[in-house]
Each structure stands twice: as structure tokens, then as C-alpha cells.
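The values are calculated or read from the model by the stated rules, or taken from the named source; none is laboratory data. Please read all numbers here as calculations on a predicted model, not as lab measurements. Ideal geometry is used to build each Cβ from the backbone, glycine not excepted, and the neighbour counts take in all protein chains shown. Ligands, DNA and RNA are stripped out before the accessible areas are found, and what is left, the full protein with its side chains, is counted by its heavy atoms. Shrake-Rupley method; radii C 1.70, N 1.55, O 1.52, S 1.80 Å.
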Amino acid sequence: MKRNNPDTEQESLYSNLDKMSTQELLININAEDKKVPEVVEKQIPKIEKLVDVIVSKMKTGGRLFYIGAGTSGRIGVLDASECPPTFGVPDDWVIGIIAGGDSAIRKAVENAEDDIHQAWKDLKKYDISTLDVVIGIAASGNTPYVIGGLKKARENNIITGSISCNSLSLISKEADFPIELIVGPEFLTGSTRMKSGTSQKLVLNMITTSVMIKLGRVKGNKMVDMQLSNKKLVKRGVKMIVEELNIDKMQAAKLLEEHKSVRAVLMAMKKI
């Protein structure tokens, strides 16, 4: 293994994977995965600063954008797409953009990540402005699509953040708030969908959950603004109302049917 290899391209610490038993494979993958939360923990001070900036921008009408390619792009799209049902926010509060467009979510789009100009074109479709924040996500930290998008955002006085898994990456240089998650060699050499992807997902969970809580989209520890899109969520909503108002399930269900959301019920009963 060469010392100057990028962190994400270093040789696996394990050899002869194809000779391992199923149990050995699972135990060793799990051993590597356990390292990820400790890496994320070290970055909390940087994540905190980025969260606080996002909150301040969103309070003035700004939005949060993720840009990425491949696995990193998909993780961004996933996190963004889960904000409306979880927190009841509009679809355009958190926007995930992936190189190659939505079709790249399911199937790789050849060479899409190599276009250094495309991310900015994609961002401009949303009338991006200085109210917004752009976070570039790239395990390697050197994806041209992400570099170009962050560079143009900064040129236009838009706050930028980055999440990479290599030290001193190129996207870090284009970010006002760089986060580097050095998780070390992947179990399967170079397979950044593993530890690298896991670390990125953990950080995005932290960012959007913290942002939404600070924007008032949570009461106590409950998702009072969640979309009631299936029976499970309706049942969860009824349970919240029962606990908050100390009434029976039938009354809670009737109130929820009438007001259409947990928050609306609690507001009507002057509990929020």
C-alpha cells in the first residue's frame, strides 16, 4: 500500500476475502463498521457550526441543497426525500441533486460525475440564491461535479459545506464548512458505499434532524408534523395525542381525523 494513496483507495486491512466463511465476512465487516461513529464524533464541532448556519439561513427563507454523484449523491437524495414525511416540511426545504439526474438514483449514468459545470446548471434550475446553503458530498472529495458546484456557489456568495472521506480533499478547499470523515480503508478495497457511505449518512441524519428540531418541527421528542401517509403513522399520531392530552384512543383518533395532523390537534387544544 502506497502512503500517498487517498484514504478511500487504501488497501483493505483484510486479505483473501473470497476464502472467508460467511461468519468471518460478517464479523470483519461489523468490526470495520464499529469504527465509523468514533470518526463522526470527532467532527461534531464542525458539524455544529454548519448546522447553526443552516438554521439561520432557513429562518430567513433559505433552503438546503445537497450535491453529489454515485453513492454520495444517492445518500443526499435519500436524506432530502425523507424530510417532508418526517417533519411535514415542503419538498423544497431540503433538495438533493445527483449527477446525471434522477435516473442516476437507480442506475449509474456514465461520466456524469466528471462534468465540472453541470452541478451549477442543476442548482440554477432552483433559482439558488445567497439565502441558501449548498453541501457537496463526495467520499473521494475529488469529484469534479461537486467541486464545480461548490466553487460556483462560493463565487456567488452562497455558503457551502462539504462531506468527504479523504484528508485535504479538493471539495474541502471549496467549502466554508468542510467535514472530513477519515474512516480508513474499506473492508472491500475502494468500496466507498461501505464505511464511507455509512459515515456520510450518519452526518446527514445529524444535520437535518438537528436543523428541523431547531426550526420547531419537533415537540419534546415527537414528530408532530409528520405526514400521516399510512396506517402505521396514523396509529403513531393517535398515540402521541393520547399521551399529550391524556384522553382515550377513540377521542384521539377523532381529533386527528378532524384536524389532519398531530400539531393541528395540539394547537387546537392549546398544547402548542
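I need the full set of residues from the stretch 249-272 which are surrounded by 16 or more Cβ atoms within 10 Å (Cβ to Cβ) and not hydrophobic (A, V, I, L, M, F, W, C), in order please. Matches in the stretch 249-272: His259, Ser261, Arg263. The condition of being under 30 Å from Asp33 (Cα atoms) and either open to solvent by less than 10 Å² (accessible area, probe 1.4 Å) or without any contact (Cβ under 8 Å) to a residue 24 or more places away in the chain (or both) holds for only one of Asn230, Asn221, Asn246, that being Asn221.
With the condition kept exactly as written, say whether any residue in the stretch 197-209 is in a loop (DSSP other than H, G, I, E, B), among the hydroxyl-bearing types (Ser, Thr, Tyr), touching a residue at least 40 places away in the same chain (Cβ under 8 Å) and open to solvent by 10 Å² or more (accessible area, probe 1.4 Å). Don't jump to the end; show me each part of the working.
Start the filter on the stretch 197-209 by keeping residues that are in a loop (DSSP other than H, G, I, E, B), which leaves none.
No, the stretch 197-209 contains no residue that is in a loop (DSSP other than H, G, I, E, B), among the hydroxyl-bearing types (Ser, Thr, Tyr), touching a residue at least 40 places away in the same chain (Cβ under 8 Å) and open to solvent by 10 Å² or more (accessible area, probe 1.4 Å).
Of the residues screened, Val183 is one that is within 30 Å of Ala31 (Cβ to Cβ), open to solvent by less than 60 Å² (accessible area, probe 1.4 Å), in contact (Cβ under 8 Å) with a residue 40 or more places away in the chain and not in a helix (DSSP H, G or I). Restricting the stretch 96-148 to residues that are at pLDDT below 95 and among the basic types (Lys, Arg), which is nearest to Asp79 (Cα to Cα)? Among those that are at pLDDT below 95 and among the basic types (Lys, Arg), it is Arg106. Can you pull out the residues in the stretch 131-145 that are small (Gly, Ala, Ser), touching a Gly at 6+ places or on another chain (Cβ under 9 Å) and in a loop (DSSP other than H, G, I, E, B)? Hit for the stretch 131-145 is Ala139, nothing else.
So, Ser162, is that one modelled with pLDDT under 95, hydroxyl-bearing (Ser, Thr, Tyr), open to solvent by less than 30 Å² (accessible area, probe 1.4 Å) and touching a Pro at 6+ places or on another chain (Cβ under 9 Å) or not?
Criteria not met by Ser162.
Residue-level analysis places Asp7 among those that are open to solvent by less than 50 Å² (accessible area, probe 1.4 Å) and either at pLDDT below 95 or under 17 Å from Phe177 (Cβ atoms) (or both). Cβ separations smaller than 6 Å between residues 6+ apart or across chains give the following pairs from the stretch 31-55 residues that are among the charged types (D, E, K, R) to residues that are buried (at least 17 other Cβ atoms within 10 Å of the Cβ) and part of a helix (DSSP H, G or I): Glu32/Lys195.
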